[in-house]
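The values are calculated or read from the model by the stated rules, or taken from the named source; none is laboratory data. Here the structure is a predicted model, which means the values were calculated and not measured. Quick reminder, even Gly has a Cβ in these numbers, built from the backbone with ideal geometry, and neighbours come from all protein chains shown.
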Amino acid sequence: MSALNWKLPPPYILPVTVTEADIDEFGHTNNVVYLGWLEQVAWGHSKDLGLSIAEYRELGFGLVARKHELEYLLPTFAGDELLVGTWISGNDGRLSVFRDYQIIRPRDGKTVLTGSTHWVCVDMESGRARRLPQVFVDAYRPESAPV
């Protein structure tokens, strides 16, 4: 196995294996499947930071996606084992949190996808944008600069 070249070690990691159900008409992993994995790793990381959906509901605040940017670098296929990594790349302390992603195929060390999401804090009841509560500012701290 090649060394894993994470953009920003160490990310929070979700291991996944591509299944037949993930494959599209072109014979490789469907784009929507990748987005699902990014949502899973983001929630896993958020829970690890102490902010699950239960905490969101208790606080009355949550983060919703405003914008996703994904760059598909290489195709993946049924049976491929992948590592989906994520980290907090920005937090303006007011309204927005930014999360980056990288998916690596460990068998050859290749990055197959990079991406980012701009998250916005909202009031869970009204859905309106709200200032980040201090617990979000504290928990969603950006990682250090890329290596």
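Criterion applied to R94, R131, R141, R107 was being over 13 Å from the mean Cα position of the chain (by Cα) and closer than 19 Å to V16 by Cα, and the one residue passing it is R107.
The rows are residues; the columns are (1) in contact with a Gly (Cβ under 8 Å, 6 or more places away or on another chain); (2) among the β-branched types (V, I, T); (3) in contact (Cβ under 8 Å) with a residue 24 or more places away in the chain.
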position: I13; (1), (2), (3): yes, yes, yes
position: D22; (1), (2), (3): no, no, yes
position: E25; (1), (2), (3): no, no, no
position: E39; (1), (2), (3): no, no, no
position: W43; (1), (2), (3): no, no, no
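Would you mention how many residues in segment 61-80 are among the acidic types (D, E) and in contact (Cβ under 8 Å) with a residue 60 or more places away in the chain?
Summing the residues that are among the acidic types (D, E) and in contact (Cβ under 8 Å) with a residue 60 or more places away in the chain in segment 61-80 gives 1.
When segment 16-50 is filtered for residues that are outside any strand (DSSP E or B) and among the aliphatic types (A, V, I, L, M), the ones remaining, listed by number, are V18, A21, V32, V33, L35, L38, V41, A42, L49.
The one condition from (1) in contact with a strand residue (DSSP E or B) (Cβ under 7 Å, 6 or more places away or on another chain); (2) touching a residue at least 24 places away in the same chain (Cβ under 8 Å) that R128 does not meet is (2). Y56 meets all of the listed conditions (1) touching a helix residue (DSSP H, G or I) at 6+ places or on another chain (Cβ under 9 Å); (2) part of a strand (DSSP E or B) but one, namely (2).
Residues checked against (1) modelled with pLDDT of 95 or more; (2) more than 30 Å from E25 (Cβ to Cβ); (3) among the small types (G, A, S):
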| site | (1), (2), (3) |
| --- | --- |
| G50 | yes, yes, yes |
| R57 | yes, yes, no |
| L70 | yes, no, no |
| W87 | yes, yes, no |
| R94 | yes, yes, no |
| V97 | yes, yes, no |
| G109 | yes, no, yes |
| G115 | yes, no, yes |
| H118 | yes, yes, no |
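Considering every residue within segment 37-56, establish whether at least one is more than 20 Å from T117 (Cβ to Cβ), of a type outside the set (A, V, I, L, M, F, W, C) and exposed (fewer than 14 other Cβ atoms within 10 Å of the Cβ). Taking every residue of segment 37-56 in turn, none turns out to be more than 20 Å from T117 (Cβ to Cβ), of a type outside the set (A, V, I, L, M, F, W, C) and exposed (fewer than 14 other Cβ atoms within 10 Å of the Cβ). Among what's in segment 23-36 and is more than 14 Å from the chain's Cα centre (by Cα) and within 17 Å of I104 (Cβ to Cβ), pick the residue that is surrounded by the most Cβ atoms within 10 Å (Cβ to Cβ). Once the filter is applied, the top-ranked residue is T29.
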